[in-house]
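Quick notes on the structure that follows.
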Amino acid sequence: MKLRDEARMSGRAWLFVAPVLIALTVVIGYPVIRALWMSFHFDDQLDETTGRFVDSGQGTFYNYLHWLLGQCQVITGGVTECPTGNLGAEFWGAVGVTLFFAVVTVTLEVAIGLGMAMVMGKTFRGRALLRAAVLIPWAIPTAVTARLWEFMFQYDGIVNTVFGTEILWTSDTWPARFAVIAADVWKTAPFVALLLLAGLQIIPEDVYEAARVDGASAWQRFTQITMPLLKPALLVAVLFRSMDALRMYDLPAIMTDNLPATRTLSVLVVEQTRQGPNSAAALSTITFLLIFAAAFVLVKILGANAVRTQEEQRKA
Amino acid sequence: MAFKKVPSLRAALVLWPIALLTVTFATACNTSDTDEQLGRNQDGRGPITYVEGKDTTETGAVKQVIDNWNATHPDEQVTYKEQSNDASAQYDDLVEHMRAKSSDYDVVALDVPWTAEFAAKGWIQPLEDQFAIDTSPLLSPPVASATYNGTLYAAPRNTNGGLLFYRKDLVPVPPRTWAEMRASCPLARDNQIGCYAGQFAPYEGLTVNTAEVINAFGGTFVGTDGRTPTVNSPQSRAGLEQLVDAFRVGDIPREAITFQEPESGAAFNQGKLMFLRSWPSTYGDASSEASAVKDKFGVAPLPGDTGIGASTLGGYNAAISAYSENKATALDFLKYLISEEAQHIIASGALPSVRASIYDDPALIAKMPYLPALKDSIASAVPRPVTPFYPAVSKAIQDNAYAALTGTKSVNDAIIGMQKGIETAGS
């Protein structure tokens, strides 16, 4: 009797979940599978006699090899190394830029965000005002942020005027990367701060009091209590931000046009979409796998750590 | 019984993707029968939709043209579908509708370099046989920009050419060649302003500026088939060398590498440049009250190698969608767009006309004094490479030119890079 009830419940549960599952297959499953299917096909080729594009069918792994090995087809036939100016030659550069941006921005954002969260967590006059002020950058749409910083970083913009420099912030390799990082950190550090603030507020005050009674210094309280107890929130923040940073598009695309020095994988995908959608599908699949791998590594490494510290705490 | 339900649902979940895959294969195997589609609805008449980017003319020229048409064609009304102001967004929107074989768009306005690709994809109606239009009163470079593989595919709606804006208070007679222009650069240095600038940021404007100087020195990019690369020539090297050398010695100020149209226009209007390559639309800003060079500047055709140079063509071509249901009406509307009446409205909105006669209209010249210079510029203009792989070709030009201008590649390597890039376009 009880078993049958459970089974019925379970069946009903499936029924309730079904609409969502169907919606997910339609909006996520179909595009993903379609993209996979496309990625294994050549883009339309030009028929020399009619001057029209024709479907050239199955391409097996050609699109993947094109990106990973930088191989290009020549119009006269044969395969060659992709030259500069062909997007196939940009892949590994874009991977490097994407990873570089992800590592640097996430590190800076967590450091600055943590500082902001610590300040926002204190009780003082004007705390509500500070919290609101800190959140404003996060509330501004990224495209608008990109425009604002682009204006500031122009040759005759405010940054060069204030510092009396003549740096080409939107064109030279390292200044341009710095500009994108600055804009991203400005925009997203508040988001990290908010996540960490939530983490901080669930640490009970009496733990700190007990430590203080035992004579722990402020630094010791930070490293021995705050950091371990904040770890779950920190993990979530790092995971969210890393996945976000790995698919960064709008800031480099708007602030620095098609500058190779700031070309991330997502920028490359969008450019390729205009040249050949099947090849772009292969590139987005590769990008997806890369982000997936990064998320997997983060969860494995940081997740294991988080569990161990909890066990250690329990033992202590 | 209820027990069985659970696994079968799970099985269904596994089967879903497989079913989807089958559907995908089934739809994808339907290869497009382009010719059949082009043959459909050739005599269709009725209301149509005209699609173009945002009408930014002060006079609302596009709306005026459509209103005029609608006043005399009660049964064949034209609806204006206004797209975004951004060219890439317009392109993406058009491609989306064409891929979906949508009959919602009847006449589409194509930025000149897109025309060949749309033609090669079979998305637009070739203007031959019963669709032929009379192009004899039109300027020939815009007609060439709408021609792919020997066939006309669109009616040039308006054109555009680059102009040399110069400070007539410093240089009374505009230079006709690059050598003349560069020779006057010490004068700019004496006045502590930049000598020359165009648009050199890594975007489409860089392709335009590079193409102009390479064309001016006799270089080309692709053969008449739209595929064979022809850029590897001494002429192309000589052209690119002009830009690279001007950057190197400071005749082009170094910040110009960040310039798109707005930045370069602003620099000229603030009196920081002696020469500027720009589109006619800069004229309005430069002669406004806010401009520091108001009454101090003139316009001339672009400089070349031995005589005036070769501008790249801008502007829009109007084409009939292969999926339109009222192609006969669409054709009539195309003919109206290039008529004297419609072109006059377009020219009054400061969009350069495709009809030669418009440029000699004294009333228009009084309003837009740059028209004679523009006529010369357009008469000697060269369309951007007419190729179905335009995005890839443009990219190859852009990336290599940028590398040469910033000194990371030699002129020789950059030209060889362009050649190879065009060779591998479409892969």
P(r), alpha carbons of the range A:166-234 - 10 Å bins starting at zero, rounded %: 18, 30, 21, 17, 11, 3
Accessible surface, per residue, of the range A:46-164 when the full set of protein chains is kept, probe 1.4 Å, Å²: 53
With Cα atoms, 0 to 90° folded angle of helix A:127-139 axis to chain A main axis: 10
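Express in nm, to one decimal, how much length is gained between A:LEU65 and A:LYS122 on full extension, taking 0.36 nm for each residue of separation and deducting their alpha carbon distance. Could the numbers behind the result be given before it?
On the way: separation 57, 0.36 × 57 = 20.52 nm, distance 5.44 nm.
Additional length available on full extension: 15.1 nm.
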5 Å-binned pair-distance histogram of the range A:125-221 (Cα, whole percent): 2, 11, 14, 14, 12, 12, 9, 8, 7, 6, 3, 0
Drop in accessible area of at least 50 Å² in the complex versus isolated chain, residues of the range A:71-88, 1.4 Å probe: A:ILE75, A:PRO83, A:THR84, A:GLY85
Within a Gaussian network of chain B (alpha carbon springs, distance under 10 Å), most fluctuating of B:SER103, B:SER311, B:SER324: B:SER103
Rg(Cα)/(2.2 N^0.38 Å) for the range B:90-137, N = residue count: 1.24
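If you keep only loop residues by DSSP, which trypsin sites (Lys or Arg not before Pro) in the range B:103-202 have at most 16 other Cβ atoms within 10 Å of their Cβ?
B:LYS168
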Listed peptides A:257-270, A:62-75 by packing density, highest first (mean Cβ within 10 Å): A:257-270, A:62-75
Heavy-atom accessible area, 1.4 Å probe, ligands and nucleic acids excluded: residues of the range A:11-38 down by at least 50 Å² from chain alone: A:TRP14, A:THR25, A:TYR30, A:ILE33, A:TRP37
For the range B:234-319: rounded, prolate or oblate by the Cα gyration tensor [a/c cutoff 1.5]: oblate
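What share of Cα pairs, in percent, lie more than 21 angstrom apart in the range B:114-241? Before the final figure, lay out the partial values.
Numbers: 4670 of 8128 pairs.
More than 21 Å apart: 57 percent of the Cα pairs in the range B:114-241.
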Translational diffusion of the range B:315-379, µm² s⁻¹ [Kirkwood Rh, Cα pairs; Stokes-Einstein; 4 °C; 1.567 mPa s]: 99
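Using the Kirkwood formula on the Cα atoms of chain A, what hydrodynamic radius do you get, in angstrom to one decimal? Please report the intermediate quantities before stating the final value.
On the way: mean 1/r = 0.0425 Å⁻¹.
Hydrodynamic radius (Kirkwood, Cα pairs) of chain A is 23.5 Å.
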Helix A:277-315 vs. chain A, principal-axis angle (Cα, 0 to 90°, nearest 10): 20
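When you have a sec, figure out the Kirkwood radius of the range A:209-292 from all distinct Cα pair distances and drop it here in Å to one decimal? Intermediate values should be presented prior to the final figure.
On the way: mean 1/r = 0.0621 Å⁻¹.
Hydrodynamic radius (Kirkwood, Cα only) of the range A:209-292 equals 16.1 Å.
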Relative packing of B:216-224, B:110-118, which averages over residues the other C-beta atoms within 10 Å, highest first: B:110-118, B:216-224
B:ALA292 versus B:ASP134: modelled label distance in nm, points set 7 Å from Cα along the beta carbon direction: 5.2
Percent carbon-and-sulfur accessible area, the range B:297-371, ignoring ligands, DNA and RNA, probe 1.4 Å: 58
Length gained when the stretch B:ALA179-B:ALA379 is fully extended (0.36 nm per residue, less Cα-Cα span): 69.8 nm
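What's the magnitude of the charge dipole for the protein assembly as shown around its Cα centre, counting Lys and Arg as +1 and Asp and Glu as -1 at the beta-carbon? Answer in Debye, nearest 20. Can you show the working numbers first?
Details: 58 positive and 73 negative charges, 656 e Å.
Using only the charged Cβ atoms, the result is roughly 3160 debye.
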Dimensions in Å of the range A:33-113 - Rg and Dmax from alpha carbons: 17.9, 61
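Run the numbers for B:ASP225 and B:THR59: contour at 0.36 nm per residue of separation, minus the present Cα-Cα distance, in nm. Intermediate results must be reported in sequence, preceding the final value.
Working: separation 166, 0.36 × 166 = 59.76 nm, distance 3.96 nm.
55.8 nm is the gain from fully extending B:ASP225 to B:THR59.
How big is the C-alpha Rg of the range B:68-109 next to the rule-of-thumb value 2.2 N^0.38 Å, as a ratio?
Details: Rg = 12.6 Å, N = 42, 2.2 N^0.38 = 9.1 Å.
Taking the Cα Rg and dividing by 2.2 N^0.38 Å, one obtains 1.38.
Convex hull volume of the Cα atoms in the range B:253-409, per residue, in Å³? Mind dumping the intermediate values first?
Working: hull volume 25.5 nm³, N = 157.
Once divided by residue count, the hull of the range B:253-409 is 162 Å³.
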Percent accessible area from carbon and sulfur atoms, the range B:190-250, protein chains only, probe 1.4 Å: 49
Principal-axis tilt of helix B:204-216 within chain B, Cα atoms, nearest 10 degrees: 60
Choice from B:SER145, B:SER88, B:SER357 showing the highest fluctuation, given a GNM over chain B with Cα pairs closer than 10 Å: B:SER88
Chain-alone versus full-assembly comparison, the range B:204-229, residues with accessible loss of at least 20 Å² (1.4 Å probe): B:ARG227
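Net charge within 14 Å of B:ARG99 by Cβ-Cβ distance, Lys/Arg positive one each and Asp/Glu negative one each, not counting B:ARG99 itself? List each step's numbers first, then the result.
Working: positive: A:ARG34, A:ARG274, B:LYS101, B:LYS121; negative: A:ASP43, A:ASP44, A:ASP55, B:ASP92, B:ASP93, B:GLU96, B:ASP104, B:GLU117.
Neighbour charge sum, excluding B:ARG99 itself: -4.
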Prolate/oblate/rounded label for the range A:143-296 (Cα gyration tensor, a/c 1.5): oblate
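Would you tell me the mean number of C-beta atoms belonging to other protein chains that fall within 10 Å of each C-beta in B:412-425, as a whole number? Provide the component values of the computation, followed by the final result.
Working: counts 0, 1, 2, 0, 2, 5, 3, 2, 10, 8, 4, 8, 15, 8.
The shielding value for this peptide is 5.
In the range A:112-186, which chymotrypsin sites (Phe, Trp or Tyr not before Pro) are in a loop and have at most 13 other Cβ atoms within 10 Å, using DSSP for the loop call?
On the way: sites: A:PHE124, A:TRP138, A:TRP149, A:PHE151, A:PHE153, A:TYR155, A:PHE163, A:TRP169, A:PHE178, A:TRP186; in loops: A:PHE124, A:TYR155, A:TRP169.
Of the chymotrypsin sites (Phe, Trp or Tyr not before Pro), the ones in loops of the range A:112-186 whose Cβ has at most 13 other Cβ atoms within 10 Å are A:PHE124.
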Accessible area buried between chains A and B, both sides summed, probe 1.4 Å, in Å² to nearest 100: 4800
Spacing of the two label points (7 Å from each Cα toward its C-beta) at B:LYS168 and B:THR151, in nm: 4.8
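Give me the 1.4 Å probe accessible area per residue for the range A:188-231, excluding ligands and nucleic acids, in Å².
Values: 2420 Å² over 44 residues.
With all protein chains present, the range A:188-231 gives 55 Å² per residue.
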Residue mean of other protein chain beta carbons inside 10 Å, B:247-255: 2
Cα point-scatterer Debye curve for the range B:34-175, base-10 log of I(q)/I(0) at q = 0.21 Å⁻¹: -1.61
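For the range A:20-169, give the percent of accessible area contributed by carbon and sulfur heavy atoms, probe 1.4 Å, rounded to a whole number. Could the numbers behind the result be given before it?
Working: 5720 of 8060 Å².
Answer for the range A:20-169 is 71 percent, counting heavy atoms of protein chains only.
How large is the translational diffusion coefficient of chain B in µm² per second when you combine the Kirkwood radius over alpha carbon pairs with Stokes-Einstein at 10 °C and 1.306 mPa s?
Details: Rh = 23.2 Å.
Value of D from the Cα-based Kirkwood radius: 68 µm²/s.
Can you give the FRET efficiency to the nearest 0.05 for B:ASP43 and B:GLU340, using r as the Cβ-Cβ distance and R₀ = 25 Å? Spell out each step's value before the answer.
Working: r = 27 Å, r/R0 = 1.07.
After rounding, the FRET efficiency stands at 0.40.
I'd like to check one number: the per residue accessible area of the range B:192-309, probe 1.4 Å, reported in Å² as a whole number. Please report the intermediate quantities before stating the final value.
Working: 4020 Å² over 118 residues.
In whole numbers, the range B:192-309 has 34 Å² accessible per residue.
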Enclosed volume per residue, in Å³, of the convex hull spanned by Cα atoms of the range B:128-181: 120
Those GluC sites (Glu not before Pro) in the range A:96-203 that DSSP places in a loop and that have at most 15 other beta carbons within 10 Å: A:GLU166
Cα-based Kirkwood hydrodynamic radius, the range B:351-427, one decimal, Å: 15.2
Across B:LYS54/B:LYS168; B:LYS327/B:LYS375; B:LYS375/B:LYS409; B:LYS121/B:LYS327, pairs whose alpha-carbon gap is larger than 25 Å: B:LYS54/B:LYS168; B:LYS327/B:LYS375; B:LYS375/B:LYS409
Taking the C-alpha atoms of the protein assembly as shown, convex hull volume expressed per residue in Å³: 223
B:ALA71 versus B:ARG99: modelled label distance in nm, points set 7 Å from Cα along the beta carbon direction: 4.2
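In the P(r) worked out for the range A:123-172, what percent of Cα pairs fall beyond 12 Å? Walk me through the numbers before you get to the answer.
Working: 840 of 1225 pairs.
Counting every Cα pair in the range A:123-172, those more than 12 Å apart make up 69 percent.
The values are calculated or read from the model by the stated rules, or taken from the named source; none is laboratory data. Since the model is a prediction, treat every value here as computed from it, not as a measurement. Every residue, glycine among them, receives a Cβ derived from its backbone with ideal geometry; neighbour counts consider all protein chains shown. Just so you know, the surface numbers come from the protein's heavy atoms only, side chains and all, with ligands and any DNA or RNA stripped out. Shrake-Rupley method; radii C 1.70, N 1.55, O 1.52, S 1.80 Å.
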